[in-house]
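S.K.: Before we start, here is the structure in question, set down as C-alpha cells.
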Amino acid sequence: MKLSNIIYKIVAVLLALCAWQAAAHFTNLPILLPSPLDVLEGFVSIWKGQMFAVNIITTFDNIVSGFLWGFFAAAFFAVLAGRFRIIRELLWPYMITIKSVPVASFIIIALLWISTDDLSGFISFLMVFPIVYNNILEGYKSIDQKKIEVAKVFGIPFHKQLIYIYLPEMKPFIISACSTSFGLAWKSGVAAEFIALPFNSIGEQLYYSKIYFESVDLFSWTLILVVISFAFEKLMVGAIKLLYMGVEKL
C-alpha cells in the first residue's frame, strides 16, 4: 500500500473520530452516544477482564470454522458447476434462496434444528457459500479455453493445469470472494449469537450490554468486532497472496 493511501486512511479515521466526538458532545447523553474516549476506556476494561479471551476464542472459533467450511465447500461445488452444467442447474434454487431470505429468518429456522453453540458457525457457512460459489464460478468461466485445449493436447496432468492455468486465472476472483465473504460471515455469525445467546460468546456480551443499557460496553464490543474482522480479513487475503507466490515459484 502506498504511503499516500495510508495517510488518507489515517486522516479519514481521525475525521470520523472528530465527528463522533462532536456528536457525543452536542447530544450530551452518554447512554445513547458515549464519546470515543469513554469507549476506549471501556475497551481497555473489557480487554483486562478475565473472560475476554474466552469470549473472543468462542466466537472466533465458531465463525472462522463456518467461514472455512463454507469457502472450501463453495469452491469445490463451483468447480464442479463450471465443468458440469447439471450441477450448476441443481444448485441454482439453493443459491437464489440463500441470497434472498433475510439472515434473521435463517437464524430463527436453524434454531429449530441446531444447538445454540453451533448456530453461528452454520449461519456463517450459509452466508459465505453463495458469495464464494458465484465468484469462483465466474472465475472458472473466465479461464481461456485455448490454454486448456493446448494443455490437453500436450497431455499435461490436471494437477499441473490447476497450478499453472486455473489458479492464476482465478486469482482475482478468489481474493475478492475471500475479502467480501469474511466480513459477511463475521456480521451474520455475531447476529446469530445475539439471538441464540451461546455461552461465553461476543453475541451474548452484546445482548447483556443492550438490556442493561451499558452503552459504553456495547460500543466497545462493537469496536472489538471491527478490529478482529478487519485484521483477520487482511490476514486471510495476505495468506492467499503468499500461497500464490509459492505456486508461481513452482
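The values are calculated or read from the model by the stated rules, or taken from the named source; none is laboratory data. Every value quoted in this text rests on a predicted model; they were computed, and no experiment measured them. Here the Cβ is made from the backbone with ideal geometry for all residues, glycine too, and neighbour counts use every protein chain on show.
S.K.: Which residues, taken from region 196-215, are over 21 Å from the mean Cα position of the chain (by Cα), at pLDDT 90 or above and among the hydrophobic types (A, V, I, L, M, F, W, C)?
M.R.: Answer for region 196-215, where residues must be over 21 Å from the mean Cα position of the chain (by Cα), at pLDDT 90 or above and among the hydrophobic types (A, V, I, L, M, F, W, C): F199, I211.
S.K.: Would you tally the residues in region 191-250 being touching a Phe, Trp or Tyr at 6+ places or on another chain (Cβ under 7 Å) and under 30 Å from L162 (Cα atoms)?
M.R.: The number of residues fulfilling the criteria is 3.
S.K.: Please verify whether region 194-207 includes one or more residues that are more than 17 Å from S120 (Cα to Cα) and out of contact with any Ser or Thr (no Cβ under 6 Å at 6 or more places or on another chain).
M.R.: If we filter region 194-207 for residues that are more than 17 Å from S120 (Cα to Cα), which is where we start, we get none.
No, every residue in region 194-207 fails to be more than 17 Å from S120 (Cα to Cα) and out of contact with any Ser or Thr (no Cβ under 6 Å at 6 or more places or on another chain).
S.K.: Which helices (runs of 4 or more DSSP H) does region 1-107 wholly contain that include 3 or more residues that are within 25 Å of K171 (Cβ to Cβ) and at pLDDT 90 or above? First the steps, then the outcome.
M.R.: On the way: elements: 3-27, 36-48, 52-83, 85-100.
In region 1-107, the matching helices (runs of 4 or more DSSP H) lie at 52-83, 85-100.
S.K.: When you check V190 against the structure, is it of a type in the set (A, V, I, L, M, F, W, C), within 21 Å of the chain's Cα centre (by Cα), surrounded by fewer than 20 Cβ atoms within 10 Å (Cβ to Cβ) and within 30 Å of P30 (Cα to Cα), yes or no? Please lay out each step first, then the result.
M.R.: Details: of a type in the set (A, V, I, L, M, F, W, C): yes; within 21 Å of the chain's Cα centre (by Cα): yes; surrounded by fewer than 20 Cβ atoms within 10 Å (Cβ to Cβ): no; within 30 Å of P30 (Cα to Cα): yes.
Answer is no for this residue.
Every residue, every condition in (1) farther than 15 Å from I195 by Cα; (2) in contact (Cβ under 8 Å) with a residue 40 or more places away in the chain; (3) surrounded by fewer than 17 Cβ atoms within 10 Å (Cβ to Cβ), yes or no:
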{"residue": "E89", "(1), (2), (3)": "yes, no, yes"}
{"residue": "W92", "(1), (2), (3)": "yes, no, yes"}
{"residue": "M95", "(1), (2), (3)": "yes, no, no"}
{"residue": "P102", "(1), (2), (3)": "no, no, yes"}
{"residue": "I107", "(1), (2), (3)": "no, yes, no"}
{"residue": "T116", "(1), (2), (3)": "no, yes, no"}
{"residue": "G121", "(1), (2), (3)": "no, yes, no"}
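S.K.: Another question, if that's okay. Give me a count of the residues in region 201-215 that are exposed (fewer than 14 other Cβ atoms within 10 Å of the Cβ) and touching a residue at least 60 places away in the same chain (Cβ under 8 Å).
M.R.: Residues flagged as exposed (fewer than 14 other Cβ atoms within 10 Å of the Cβ) and touching a residue at least 60 places away in the same chain (Cβ under 8 Å) within region 201-215 amount to 1.
S.K.: How many residues are part of a helix (DSSP H, G or I) and acidic (D, E) if we restrict to region 199-215?
M.R.: First, the residues of region 199-215 that are part of a helix (DSSP H, G or I): 202-211, 215.
From the residues that got through so far, the ones that are acidic (D, E) too are 204.
Total meeting the criteria: 1.
S.K.: Within the group A177, A185, A151, which residue is small (G, A, S), farther than 15 Å from F71 by Cα and in a helix (DSSP H, G or I)? Before you say what the answer is, go through the steps one by one.
M.R.: Numbers: A177 fails: farther than 15 Å from F71 by Cα; A185 fails: farther than 15 Å from F71 by Cα.
Answer to the check: A151.
S.K.: Output the number of the condition that V39 fails; it satisfies all remaining conditions of (1) in contact with a Leu (Cβ under 7 Å, 6 or more places away or on another chain); (2) under 27 Å from A196 (Cα atoms); (3) free of Cβ contacts under 8 Å to residues at least 24 places away in the same chain.
M.R.: Unmet for V39, out of (1) in contact with a Leu (Cβ under 7 Å, 6 or more places away or on another chain); (2) under 27 Å from A196 (Cα atoms); (3) free of Cβ contacts under 8 Å to residues at least 24 places away in the same chain: (3).
S.K.: Just a yes or no: is a residue in region 216-231 more than 23 Å from the chain's Cα centre (by Cα), free of Cβ contacts under 8 Å to residues at least 24 places away in the same chain and assigned to a helix (DSSP H, G or I)?
M.R.: Looking through region 216-231, none of the residues is more than 23 Å from the chain's Cα centre (by Cα), free of Cβ contacts under 8 Å to residues at least 24 places away in the same chain and assigned to a helix (DSSP H, G or I).
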